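The values are calculated or read from the model by the stated rules, or taken from the named source; none is laboratory data. Since the structure is predicted, the reported quantities are computational estimates derived from the model, not experimental observations. Reconstructed Cβ throughout: ideal geometry from the backbone, glycine too, with neighbour counts over all protein chains shown. Accessible surface is based on the protein model in full, side chains and every heavy atom, while ligands, DNA and RNA are left aside. Shrake-Rupley method; radii C 1.70, N 1.55, O 1.52, S 1.80 Å.
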Amino acid sequence: MKHNKSIKIKRSKNRLYKKKKSGAKIAAETVIFVLIAGALVFVGYSAAGPLIKLWSGETETEIEGWTPTSPPQVTEDDVSDTVTGGEITTESITTEEEIAGEIGAYIMSENDISDLTALNNAINSAKESGYNQVILPMKNKEGKLLYKSNISYVKDTELVTGSMPAGQIASVIKAGGLVPKAEISALMDNSAPSYVDGAGYRFADDSYFWLDAAAANGGKRWLDPFLDGTKKYISDLSRELKQAGFEEIILSQLRFPDFTSYDQSILDNRSFTADRYKALTSLYGTSFNASEKKSSVSMDIKDVLAGYGEGFSGTAEILNDKTFTGTVYLFVTPSEFANRLEVGENRFIGLSPKASEKSETLIGKAMEYIGTNVTVSVIIDDSELSEEEIEECYNRCRIPPRL
């Protein structure tokens, strides 16, 4: 079992100390204590009735920390075509003993690393918001490298769109007192197959590149995790970015495309086997080794929750491999969830309308599914929330100090 990282906690500078008390003061404090205790007993007795009813099941329980005006109801509009009816339960999810790792990071945009001025502005914004680590998109979903790469077989190609070397970007961020972490889109990549040999999905007869939709409908290519060209490319990127000064390489989109039944007739069967997740683990391993054991995987919490803990797909598919013991960056967008969460066939739990409480419930259920083999770092990524609301989410999900 892998131990979770501890949370860095800022402690008060005020010192606690004890002072010897006089006998008269002790006697006075005793009287005051008795009076306060009597008042608490009265208040406790007044509240006992409702609490006893709650615990005994005489009243409907709700998600801990919130009470909606009316319990969530399932309507025909709320139910998908595959669900007829359904039962809502209101489980109380406790996460304080489960969530681990560094919590929170400032996520920079592609524009933030377009030039030095934009980068310095983003650094100032991150510091003003109270973050000490930043995640930078160094390779986007189109496969473009947003920095000036020096990898021999790509440096003079159209893959490179960034103007600043990775080392310069990392150095400027460190000089600003922040920790830089590089995010690269691992397999969602429409560009690299044209420049990296033996990397993109091809028809089984090797005649054409495979697209995730018809070309007329904007179909795009992807990198195939089974291919040596893909492994070499991700390895080279991870090594270059780590040596440039980035603390960690975060692999996003480490996933298979959403294949159709027709795709099974034109692609190699290995992409449709029950244990295909092993290819994702293998690709992660190449990045992990090339980055001096400083690689991790980002996941969308929706993908973690979708299989009810019985199986994982999308960005969470690697979790099907119980030998995977890496670090997971769990991205949470509370506003994408309504008033209930499906936790099984025809089973739901209610969700609070408050973002912080909703996040606590979602993350708690996700942690239940993920288990304890991996270290989890939570990232609240929601443009519909204010900075104050995001801070509330982090504070509510933070592990209390262990004394």
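Brief remarks on what is shown
- Charge tally in the Cβ shell below 15 Å around T161, where Lys, Arg are +1 and Asp, Glu are -1, T161 excluded: -2
- Peptides 378-386, 200-208, 326-334, 311-319 ordered by packing proxy, namely the average of other Cβ atoms within 10 Å per residue, highest first: 326-334, 311-319, 378-386, 200-208.
- Among Y394, T361, G371 the positive-end extreme of the charge dipole of the range 355-394 (Cβ point charges): G371
- Remark: spin-label model distance E128-S383 equals 2.0 nm, labels positioned 7 Å along the Cα→Cβ axis.
- Sorting 121-131, 169-179 by average packing, meaning the other beta carbons within 10 Å per residue, from highest down gives 169-179, 121-131.
- Among the protein heavy atoms of the range 180-331, carbon and sulfur supply 46% of the accessible surface, probe 1.4 Å, non-protein parts ignored.
- In a simple Cβ point-charge model (Lys, Arg +1; Asp, Glu -1; nothing else charged), the range 306-380 has a dipole of about 180 debye relative to its Cα centre.
- Alpha-carbon centroids, the range 102-176 and the range 191-248: separation in whole Å: 21
- The residues of the range 157-311 present an accessible area of 42 Å² per residue when probed at 1.4 Å with all protein chains retained.
- Dipole magnitude for the range 152-224: about 400 debye, using +1 per Lys or Arg Cβ and -1 per Asp or Glu Cβ, origin at the Cα centre.
- Nearest-20 debye value, the range 228-386 charge dipole, Cβ charges on Lys, Arg, Asp, Glu: 340
- Sorted peptide list for 147-155, 348-356, criterion being average Cβ within 10 angstrom, highest first: 348-356, 147-155
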